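Beneath this line is the structure, given in C-alpha cells, with notes to follow.
Laboratory data are not the source of any read-out in this text; all were calculated from the coordinates shown. Keep in mind it's a predicted model, so treat the numbers as computed, not measured. Heads up, the Cβs are rebuilt from the backbone with ideal geometry, glycines too, and the neighbour counts pull from every protein chain shown.
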Amino acid sequence: MNNKLLFDFSVNKENKTIHVKREFDATLDLVWKAWTTAEILDQWWAPKPWEAETKTMDFRPGGFWHYAMVSPEGEKHWSKASYISIVKEKSFTAKDGFCDENGTMDPTFPQNLWENNFSAKEDKTQIDVILTFDTLTDLEKIMEMGFKEGFTMSLQNLDELLLTLKNNPK
C-alpha cells in the first residue's frame, strides 16, 4: 500500500457508527466500477485467503447484491446488500446484513446502513464510508467479529487490484 494514501478508521459509539475514510491511487470511474461491478467486487471484497462470490447483483435502487464469503475449505457465509439510493460516481447507500443462500436475512446478526461517498482528488479517489447500526450492541458485535481487520485487508486487496486494472485497461 502507498503510505501516502489516506486511511482513517473511527468508531463513534454514541452515534452507533463506523466511519472509514480511504484514498485510492486510481481515477474515480475506476474506483466506482470496482465497488459496483460484481466481477470486480469478487476479486477484492473478501480478506485473503477468503474469496467473495456473487450469486446475484442488480445495482439499482431497489436492487441488491447477494454474495458469499467463501473460505479456502469452501465454507460459505452469505450476505445481502439492498440498494436504497445511487448517484453515479458520487454515492450509494445500502442496507447490509447476513443472510442465507436464498437471500433471507438472518435476524440473529446485526444489519447496518452503508453510506458510500466517492470524491475525485486529482488522479486519486477518496471514499467515505459510514456504517450506521440500530444499536450499540450491534456495532460492538460486528467489531468483535473482526470487521476492522477484515475490511482493512479487503481495501488493501482493492489497492493491488486497482494497480493491475490501471496498468491493463480493457
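Against the empirical curve 2.2 N^0.38 Å, the C-alpha radius of gyration of segment 70-117 lands at a ratio of 1.35. With helices as the sole contributors, the chain gives -8500 deg cm²/dmol at 222 nm; each DSSP H run of n ≥ 4 counts as -39500 (n - 2.57), and the sum is divided by every residue. Taking Cα centre as origin and charging only the Cβ of basic (Lys, Arg, +1) and acidic (Asp, Glu, -1) residues, the dipole magnitude of segment 1-131 rounds to 380 debye. Within segment 87-170, the percentage of alpha carbon pairs spaced more than 20 angstrom apart rounds to 49%. Taken over the alpha carbons of the chain as equal point scatterers, the Debye sum produces base-10 log I(q)/I(0) values at 0.09, 0.11, 0.12, 0.18 Å⁻¹ of -0.29, -0.44, -0.53, -1.29.
Gyration tensor analysis over the Cα atoms of segment 47-130 returns equivalent ellipsoid semi-axes of 25, 17, 11 Å (largest first, whole Å).
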